[in-house]
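Here's the structure we're looking at; comments come further down.
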Amino acid sequence: MNVLITGSGGRECAIAWKLKQSTKVDKIYIIPGNAGTALFGENLNVSASDFDNIKNVVIQNNIDMIIAGSEDMLVNGLHDYFLNDDLLKGVRFVGPCRNGAILEGSKDYAKEFMTRHSVPTAKYKSFTKENIEEGYLFLESLKPPYVLKADGLAAGKGVVICNDPDQAKKELGDMLYRGKFGKASDKVVVEEYLKGIELSVFVATDGNTYKILPEAKDYKRVGEGDKGLNTGGMGAISPVGFADKIFMKKVEDKIIIPTIEGLKKDGIKYQGFLFIGLMNVNGEPYVIEYNVRLGDPETEVVIPRIKSDIFELFDGIATGTLSEKEIEIDQRYATTVMLVSGGYPGNFEKGKVITGLDQVNDSILFHAGTRFEVGNYYNNGGRVIAITSMGSDMNEALKISYKNAELINFDNKYFRRDIGFDLR
Ligand code: AMP
Ligand code: GLY
């Protein structure tokens with residue numbers, strides 16, 4: 001089987017790394033990939049938003065399966081494009097059609113879906129320019145902090161949380177009237193603040209049955225102690241102590257089953273991953289958001305804990321045979337620490353030589369923003385490399401990741417030294 005992965009982050013590198021170990025996979029292609037994915041397959045310089053070019057790649061390289069790494073091309077209908085094309089409709093596709101991807105593509109739709117199917121989530125209302133006055137009144141009815149979310153995709157930046165009611169009203173105006181997040185904020189979801197600890201839960205579904213993958217916790221803020229700006233993710237841990245059997249049973253009964261059944265009731269055949277971002281509020285799970293793909297950097301700790309052949313999992317999703325597949329989980333802890341370019345998530349410099357990669361032998365390196373040229377690796381993005389390690393407990397695994405974080409160097413390297421701090 002030849003497999004095509006779309007994307008260029010640590011997540012796609014982890015998928016390529018694991019697929020490379022499958023006896024069922026002949027060749028792996030990644031569009032556009034990074035210097036790390038090139039170690040496991042062939043990178044092709046094609047934009048994931050250029051559907052016609054993806055079609056050419058699939059036909060020229062006899063691709064049997066496509067795995068969508070990120071959400072944008074799913075929200076834009078890449079799976080639908082495949083189904084509507086006689087030459088492509090036989091290709092196995094991991095990732096939902098547009099009618100499923102809208103769970104991530106529109107926060108208002110996701111909230112309506114949760115309400116319709118009794119999935120616990122924060123109380124909310126949605127507003128447009130037309131009813132902004134009602135928005136101000138709704139904000140007045142809430143206690144701080146105030147949570148405002150741009151309805152559409154905003155590259156992970158569309159959420160504003162503030163404490164001051166006047167600031168919250170100004171933010172609502174900035175989003176609806178002054179296009180703070182472009183078209184994505186033509187509609188805004190205002191919701192109740194949930195106080196608790198977050199968890200990322202990953203569900204694989206073929207539209208009929210589902211399997212729950214290992215859970216993870218990611219660390220989104222750039223600064224230690226969860227301070228500072230939001231990033232794509234500075235590190236991750238799996239498993240997560242508070243996600244014990246009792247809590248995960250609640251997650252399954254109150255969130256996963258109603259979601260999967262809800263998709264079916266709504267006539268949506270969802271074949272892909274559903275990533276449920278949730279908050280544990282005094283032992284009760286509430287959905288913060290749905291994502292229609294795997295998480296990054298969570299994938300860099302979830303995939304190394306899957307012992308079985310991951311091709312089988314993807315194949316089960318894409319061919320509706322998930323119930324026949326077994327997934328075996330490694331009980332050890334996995335941790336990942338992200339090395340980032342100094343200045344990220346603000347401005348940072350690219351093109352710094354990365355040294356020390358060859359000194360690492362007890363962690364797995366998943367490249368994110370890297371480039372290879374005449375014998376050297378260079379940083380080429382904000383998040384540069386995820387250093388994943390396994391251990392019998394979290395601290396043992398972290399110790400290995402941190403040892404290697406010191407061995408790898410580039411100018412202005414930065415990483416958080418407190419990943420897992422709240423799970424100790
Ligand atoms: P999202 O883009 O929906 O993941 O939101 C970004 C971050 O904002 C989440 O990871 C949470 O940390 C936080 N957040 C979103 N919604 C809420 C909420 N209702 N209550 C508290 N925190 C929230
Ligand atoms: N780690 C959060 C995300 O992938 O959206």
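The values are calculated or read from the model by the stated rules, or taken from the named source; none is laboratory data. These numbers come from a predicted model, not from an experiment. Please note: Cβ atoms are built from the backbone with ideal geometry, for glycine as well, and neighbour counts cover all protein chains shown. Quick note on the areas: whole protein, heavy atoms, side chains included, nothing else; ligands and nucleic acids left out. Shrake-Rupley method; radii C 1.70, N 1.55, O 1.52, S 1.80 Å.
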Practice item. Taking residue 262 as meeting all but one of (1) modelled with pLDDT under 95; (2) closer than 24 Å to residue 327 by Cβ, write down the number of the exception. Key: (1)
Study note, to complete from the structure: Listed by first then second residue, the pairs whose first member lies in region 278-290 and is within 16 Å of ligand 2 (Cβ to nearest atom) and at pLDDT below 95, whose partner is open to solvent by 50 Å² or more (accessible area, probe 1.4 Å) and assigned to a strand (DSSP E or B), with beta carbons under 8 Å and at least 6 positions apart or on separate chains, are none
Check your understanding: Considering only residues of region 283-327 that are of a type in the set (Asp, Glu) and more than 16 Å from ligand 1 (Cβ to nearest atom), which is most open to solvent (accessible area, probe 1.4 Å)?
Key -> 326
Review point. Taking residue 129, is it within 16 Å of ligand 1 (Cβ to nearest atom) and either more than 21 Å from residue 101 (Cα to Cα) or over 21 Å from the mean Cα position of the chain (by Cα) (or both)?
Key: no
Check your understanding: Could you say which residue among 146, 136, 109, 177 is closer than 25 Å to residue 268 by Cα and more than 16 Å from ligand 2 (Cβ to nearest atom)?
Key -> 109
Study note, to complete from the structure: With the first residue restricted to region 185-196 and required to be more than 17 Å from residue 109 (Cα to Cα), and the second required to be away from ligand 2 (no atom under 16 Å from the Cβ) and in a strand (DSSP E or B), Cβ contacts under 6 Å at 6 or more apart or on different chains are 193/147; 194/281; 194/286; 196/280; 196/281
**Study point:** Selected residue (criterion: nearest to residue 180 (Cα to Cα)) from residues of region 90-125 that are polar (S, T, N, Q) and out of contact with any Gly (no Cβ under 9 Å at 6 or more places or on another chain)
**Key:** 121
Practice item. Tally the residues that are over 19 Å from the mean Cα position of the chain (by Cα), surrounded by fewer than 24 Cβ atoms within 10 Å (Cβ to Cβ) and in contact (Cβ under 8 Å) with a residue 24 or more places away in the chain, restricting the search to region 1-27. Key: 9
Exercise for review: Scan 170, 195 and give me the residue that is over 21 Å from the mean Cα position of the chain (by Cα), surrounded by fewer than 16 Cβ atoms within 10 Å (Cβ to Cβ) and within 13 Å of ligand 1 (Cβ to nearest atom).
Suggested key: 195
Review point. List pairs: first in region 393-410 and within 13 Å of residue 336 (Cα to Cα), second part of a loop (DSSP other than H, G, I, E, B) and among the charged types (D, E, K, R), Cβ under 8 Å, 6+ apart or cross-chain?
Key: 394/424; 395/424; 397/332; 400/362; 402/417; 404/362
Check your understanding: in a loop (DSSP other than H, G, I, E, B) and within 16 Å of ligand 1 (Cβ to nearest atom), is that true of residue 147?
Key -> no
Practice item. Go over the candidates 150, 184, 204, 154 one by one and state the one that is under 16 Å from the mean Cα position of the chain (by Cα), open to solvent by less than 70 Å² (accessible area, probe 1.4 Å) and farther than 30 Å from residue 328 by Cβ. Key: 154
Check your understanding: How many residues does region 221-232 hold that are at pLDDT 95 or above and buried (at least 17 other Cβ atoms within 10 Å of the Cβ)?
Key -> 1
Review point. All but one of (1) part of a loop (DSSP other than H, G, I, E, B); (2) within 16 Å of ligand 2 (Cβ to nearest atom); (3) under 20 Å from residue 17 (Cα atoms) hold for residue 362; which doesn't?
Key: (2)
Practice item. Determine which member of the set 203, 160, 222 is touching a helix residue (DSSP H, G or I) at 6+ places or on another chain (Cβ under 9 Å), within 15 Å of ligand 2 (Cβ to nearest atom), in contact (Cβ under 8 Å) with a residue 12 or more places away in the chain and among the β-branched types (Val, Ile, Thr). Key: 203
Review point. Does region 328-335 contain at least one residue that is open to solvent by less than 10 Å² (accessible area, probe 1.4 Å) and either under 23 Å from residue 100 (Cβ atoms) or in contact with a Gly (Cβ under 7 Å, 6 or more places away or on another chain) (or both)?
Key: yes
Revision key, fill the gap. Over region 281-316, the set of residues within 19 Å of the chain's Cα centre (by Cα) and of a type in the set (S, T, N, Q) is 291, 299
Exercise for review: Output the helices (runs of 4 or more DSSP H) that fall wholly within region 38-119 and possess 1 or more residues being over 19 Å from residue 27 (Cβ atoms), touching a residue at least 60 places away in the same chain (Cβ under 8 Å) and over 21 Å from the mean Cα position of the chain (by Cα), or say none.
Suggested key: 107-116
Exercise for review: Could you tell me whether residue 385 is in contact (Cβ under 8 Å) with a residue 60 or more places away in the chain and in contact with a His (Cβ under 8 Å, 6 or more places away or on another chain)?
Suggested key: yes
Check your understanding: Could you count how many residues in region 207-238 are over 15 Å from the mean Cα position of the chain (by Cα) and among the polar types (S, T, N, Q)?
Key -> 2
